[in-house]
1. If you scan the stretch 96-131, which residues turn out to be in contact (Cβ under 8 Å) with a residue 60 or more places away in the chain and within 24 Å of residue 150 (Cβ to Cβ)?
2. Does residue 138 fit the bill of being closer than 20 Å to residue 12 by Cα and polar (S, T, N, Q)?
3. Only one of 24, 66 is small (Gly, Ala, Ser), touching a helix residue (DSSP H, G or I) at 6+ places or on another chain (Cβ under 7 Å) and over 24 Å from residue 128 (Cα atoms); which?
4. Which helices (runs of 4 or more DSSP H) does the stretch 39-151 wholly contain that include 3 or more residues that are surrounded by 14 or more Cβ atoms within 10 Å (Cβ to Cβ) and not hydrophobic (A, V, I, L, M, F, W, C)?
5. Considering only residues that are assigned to a helix (DSSP H, G or I) and of a type in the set (A, V, I, L, M), which ones fall in the stretch 8-38?
6. Residue check: is residue 79 over 22 Å from residue 35 (Cβ atoms), out of contact with any Pro (no Cβ under 7 Å at 6 or more places or on another chain), without any contact (Cβ under 8 Å) to a residue 40 or more places away in the chain and aromatic (Phe, Trp, Tyr)?
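The values are calculated or read from the model by the stated rules, or taken from the named source; none is laboratory data. Because the structure is predicted, anything quoted here is derived from the model rather than measured. Don't worry about glycine lacking a Cβ; one is built from the backbone with ideal geometry, like all the others, and counts go over all protein chains shown.
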Amino acid sequence: MEINIVMVEPEIPQNTGNIARSCAATGAKLHLVHPLGFDISEKQVKRAGLDYWDKVEIEEHESLEAFMNKYKEYEDKMFFYTTKGKHVYSDVKYEDYDKVFLLFGKETKGLPEDLILSHFDHACRIPMRKTLRSLNLSNSVAIVLYEVLRHINFDELQEESNYFD
């Protein structure tokens, strides 16, 4: 399965660095949708991603509209993660897809409301206490990314520890 993590207008460089590292570790492709709240070369981004930047495939898009137009044929394989989601992220049958696009919004506002409403059947949420606004973005991506991988039995990832070899 091809997994695509789509960050729509991320604002915090450390989150993007952590997400890039998760993508490198799992083989997921990272899409960065502009405008970004930082310069991709900032040392905070590089430090959070450590030495993994050359191990992750990154595609940049000038806008959300440009991304949606480029991948329009895959709209039925896109999932939109928001606190306003209709479904719980773990209820999706990711294994039914050969390719998925997992979209996450910026830290302060999330995904645009019109985007969520126009794709509400594919809007998903991570359950949490009602009294809190949201989870950290890089944690949310990791939760969903590893759920997708669990659905496909962690295909092509290390199956056994080699710690004592």
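1. 97, 98, 99, 100, 101, 102, 103, 104, 105, 111
2. Details: closer than 20 Å to residue 12 by Cα: yes; polar (S, T, N, Q): yes.
Judged against the criteria, residue 138 is a match.
3. On the way: 66 fails: touching a helix residue (DSSP H, G or I) at 6+ places or on another chain (Cβ under 7 Å).
Just one listed residue meets the conditions, 24.
4. Details: elements: 43-49, 64-70, 113-118, 137-151.
Here the list reads 43-49, 137-151.
5. 19, 20, 24, 25, listed by residue number.
6. Numbers: over 22 Å from residue 35 (Cβ atoms): yes; out of contact with any Pro (no Cβ under 7 Å at 6 or more places or on another chain): yes; without any contact (Cβ under 8 Å) to a residue 40 or more places away in the chain: no; aromatic (Phe, Trp, Tyr): yes.
No; evaluated as a whole, the condition is false for this residue.
Here is a yes/no grid of residues against (1) more than 19 Å from residue 124 (Cβ to Cβ); (2) at pLDDT below 90; (3) hydrophobic (A, V, I, L, M, F, W, C):
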{"position": "6", "(1), (2), (3)": "no, no, yes"}
{"position": "44", "(1), (2), (3)": "yes, yes, no"}
{"position": "63", "(1), (2), (3)": "yes, no, no"}
{"position": "67", "(1), (2), (3)": "no, no, yes"}
{"position": "70", "(1), (2), (3)": "yes, no, no"}
{"position": "76", "(1), (2), (3)": "no, no, no"}
{"position": "79", "(1), (2), (3)": "no, no, yes"}
{"position": "92", "(1), (2), (3)": "no, no, yes"}
